[in-house]
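Undergrad: Below: one structure in structure tokens.
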Amino acid sequence: MMTGELEHARVHPKFFIQMQLRINGLLEIHNGATFVKVDKIDIMKDNSPALLFQDGNGFKTSTMRLGADVIVFSRTSHASKATQSVGLLSYTFLRKTGQDDVIVPMIDFDISGHWAEPIIFSSQDDWSSNLTSILEWSPFTSKDKILEQFEDIGPHGTKIIIYNLWLNDEGIYELSFDDDDEDIRLRDEANRGGQTKLHKKIVELQSHISYRIRYSLRAYASILYLRKFTNFSILLRGKPVQQFNIADDLKHMKMVTYRPQLGIMASKEVAAVETTIGFIKEAPALGVCGFNVYHKNRLIRPFWKVTAEGSSKGNGAVGVLEANFIEPAHDKQDFERSSVFIRLEAKLKQILMDYWNHHCHLVGYQPPGLRAHNALKKHSAKSQMQLPEEEMHLDQPVNDPSANLPHMSNGQLGNGGQSNLPVEIPITGFADGLYNEVISEDGRGSISVELICEENIQLFMRCEEYRQKETELKQVVTELERELEQAKRKRAQLAAHLETKKKQKTMKQQTEEVSLC
């Protein structure tokens, strides 16, 4: 590296721009970490809020979706040598200094002795230049204040401070620290419909863990790991997160064992997978359903709804399984779309349907066969009703139900005894309180009004998610198009420069030939 240049790491700008928030990516258990600490701190420079992540892990670049700037403190020791490092990844710094590459100013110290000694990789000027950049663009105004940040790290560990947190469209911080002193929440989700009087069913749905994980870091962290750990803790704003196993909260549970089929090209045999399935304790009041799929103890896909949209089958049924045989996506928020994934989805749907058909009556739903049988029986009974012709009078009161019947001949309903009016078929479940069901036009089943409301809520929330994803994708496309135009301009410049060099070389050769002559 030439003298005077910043000592830094280079990353392609596209990678920097496309970093996405995955809060749980900061909660990995590895490298011997015994805890992770997540808290809110205040920046003294401008009295703004910042996020603190401290543990035994390395820096996660996905952190950058939380805020514009981040400073990382890391300490490690090998044998008799102990070192500590400071790195600054700042969008504000890059934008205001007009950098084309992602430049990360870094400084290192040797702390094997009694005090911290700078580690010089190129020159003292480069080290000092990096320190100056860090002091100018970080929350800390002196080298001593930077060194103070290592006092609570220990011999091994990492501290990450994210500042200049992002704002939403209304100019308010995306993250809310005031709604709950022991939690960190996504503001837009936490305040959805907060100023209007919500229906009781909506309130109950939003209080369920399946909804709270959308906006509450404490709720999400509570189900992040399948197996409870004894030597590791997550401290969120000073209070430990209590782990919650979804399977422990189910009723009428059943264990289903199956062996995944990975295809003829699979090199090794896969162990059998145990899937726990049951009804949530709120069933049938809430239509929450889906499978919580973990990979190597880590939650990848929560409440995965494998049934078709709009279907009431499976409402209230929740499953839990660990699918180590399938690869998660790079952000660990989903699985890679593969033939193995498709087979898993089909298998889970089969498990859900089998469980529902044999157990739905335990929580008040009618089994599919019985429902269709009752509907047909009641329809037949009403269509065979007979009334004497002499009881039909033109002067019957309007509110008399028989006044709306068609004219009868020989004691039979018109149209050969078949009424052309719709027949109302009241269908109820086995449990008290399950009323107001609506039968479908094809007569194949009934859906309670409450369940329809809940499904509408879920569909609305899913539409909001898709709308947000669409906006994000449009932003990515716009950025990529801009980068493509820049690349084309650079290519044209390089081509012109190369052509000029070729001409100069040709002219030089011709001049040399003339000189030799």
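Undergrad: If you check Leu498, Leu480, which single one turns out to be more than 30 Å from Glu309 (Cβ to Cβ), outside the structural domain of Tyr211 (by the TED database), touching a helix residue (DSSP H, G or I) at 6+ places or on another chain (Cβ under 8 Å) and open to solvent by less than 100 Å² (accessible area, probe 1.4 Å)? Talk me through it step by step, then tell me what you get.
TA: Values: Leu498 fails: touching a helix residue (DSSP H, G or I) at 6+ places or on another chain (Cβ under 8 Å).
Just one listed residue meets the conditions, Leu480.
This table checks each residue for (1) in contact (Cβ under 8 Å) with a residue 40 or more places away in the chain; (2) open to solvent by 60 Å² or more (accessible area, probe 1.4 Å); (3) of a type in the set (A, V, I, L, M, F, W, C).
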site	(1), (2), (3)
Val293	yes, no, yes
Pro302	yes, no, no
Thr307	yes, no, no
Glu322	yes, no, no
His330	no, yes, no
Phe335	yes, no, yes
Phe341	no, no, yes
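Undergrad: Could you please let me know if Asp144 is outside the structural domain of Ala323 (by the TED database), open to solvent by 80 Å² or more (accessible area, probe 1.4 Å), at pLDDT 90 or above and assigned to a helix (DSSP H, G or I)?
TA: So Asp144 passes the test.
Undergrad: OK, next. Here is a check on your reading of the model: is Lys239 open to solvent by less than 80 Å² (accessible area, probe 1.4 Å) and at pLDDT 95 or above?
TA: Numbers: open to solvent by less than 80 Å² (accessible area, probe 1.4 Å): no; at pLDDT 95 or above: yes.
So Lys239 does not fit the description; no.
Undergrad: Does the range 164-177 contain at least one residue that is open to solvent by less than 30 Å² (accessible area, probe 1.4 Å), in contact with a strand residue (DSSP E or B) (Cβ under 8 Å, 6 or more places away or on another chain) and in a loop (DSSP other than H, G, I, E, B)?
TA: Residues of the range 164-177 open to solvent by less than 30 Å² (accessible area, probe 1.4 Å): 165, 168, 175-177.
The next check asks that each one be in contact with a strand residue (DSSP E or B) (Cβ under 8 Å, 6 or more places away or on another chain); those that pass are 165, 175-177.
When the remaining residues are screened for being in a loop (DSSP other than H, G, I, E, B), the result is 177.
There is at least one residue in the range 164-177 that is open to solvent by less than 30 Å² (accessible area, probe 1.4 Å), in contact with a strand residue (DSSP E or B) (Cβ under 8 Å, 6 or more places away or on another chain) and in a loop (DSSP other than H, G, I, E, B).
Undergrad: For the range 118-131, check the following and say yes or no: at least one residue is open to solvent by less than 40 Å² (accessible area, probe 1.4 Å), assigned to a loop (DSSP other than H, G, I, E, B) and either out of contact with any Pro (no Cβ under 9 Å at 6 or more places or on another chain) or free of Cβ contacts under 8 Å to residues at least 24 places away in the same chain (or both).
TA: Yes: the range 118-131 contains one or more residues that are open to solvent by less than 40 Å² (accessible area, probe 1.4 Å), assigned to a loop (DSSP other than H, G, I, E, B) and either out of contact with any Pro (no Cβ under 9 Å at 6 or more places or on another chain) or free of Cβ contacts under 8 Å to residues at least 24 places away in the same chain (or both).
Undergrad: Residue by residue through the range 39-48, note down the ones that are open to solvent by 20 Å² or more (accessible area, probe 1.4 Å) and part of a strand (DSSP E or B). Walk me through how you get there before you give the answer.
TA: If we filter the range 39-48 for residues that are open to solvent by 20 Å² or more (accessible area, probe 1.4 Å), which is where we start, we get 39-42, 44-47.
Answer for the range 39-48, where residues must be open to solvent by 20 Å² or more (accessible area, probe 1.4 Å) and part of a strand (DSSP E or B): Asp39, Lys40, Ile41, Asp42.
Undergrad: Here's a follow-up. Mind listing just one residue for me: the one in the range 55-78 that is among the polar types (S, T, N, Q) and modelled with pLDDT of 90 or more and, of those, surrounded by the most Cβ atoms within 10 Å (Cβ to Cβ)? Reasoning before the result, please.
TA: At the first step, the residues of the range 55-78 found to be among the polar types (S, T, N, Q) are 57, 61-63, 74, 76-77.
Those still in the list that are modelled with pLDDT of 90 or more too: 74, 76.
Details: Ser74: 21, Thr76: 14.
Filtering the range 55-78 for residues that are among the polar types (S, T, N, Q) and modelled with pLDDT of 90 or more, the one surrounded by the most Cβ atoms within 10 Å (Cβ to Cβ) comes out as Ser74.
A quick yes/no check of all residues on (1) at pLDDT below 95; (2) aliphatic (A, V, I, L, M); (3) assigned to a strand (DSSP E or B); (4) open to solvent by 70 Å² or more (accessible area, probe 1.4 Å):
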site	(1), (2), (3), (4)
Ala82	yes, yes, yes, no
Val86	no, yes, yes, no
Leu89	yes, yes, yes, no
Gln99	yes, no, no, no
Val104	yes, yes, yes, no
Phe109	no, no, yes, no
Ser112	yes, no, no, no
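Undergrad: Tell me which of these Gly193 doesn't satisfy, since it passes every other one: (1) modelled with pLDDT of 90 or more; (2) within 30 Å of Ala285 (Cα to Cα); (3) of a type outside the set (Lys, Arg).
TA: Failed condition: (1).
Undergrad: Just give me the residues in the range 358-371 being open to solvent by less than 60 Å² (accessible area, probe 1.4 Å) and either assigned to a helix (DSSP H, G or I) or without any contact (Cβ under 8 Å) to a residue 24 or more places away in the chain (or both), in sequence order. Break it down stepwise before answering.
TA: Applying the first criterion (open to solvent by less than 60 Å² (accessible area, probe 1.4 Å)) to the range 358-371 yields 359-360, 363-369, 371.
Correct list: His359, Cys360, Val363, Pro367, Pro368, Gly369, Arg371.
The values are calculated or read from the model by the stated rules, or taken from the named source; none is laboratory data. No experiment lies behind these values; they were computed from the predicted model shown. Cβ: placed from backbone, ideal geometry, glycine included. Neighbour counts: every protein chain shown. Ligands, DNA and RNA are stripped out before the accessible areas are found, and what is left, the full protein with its side chains, is counted by its heavy atoms. Shrake-Rupley method; radii C 1.70, N 1.55, O 1.52, S 1.80 Å.
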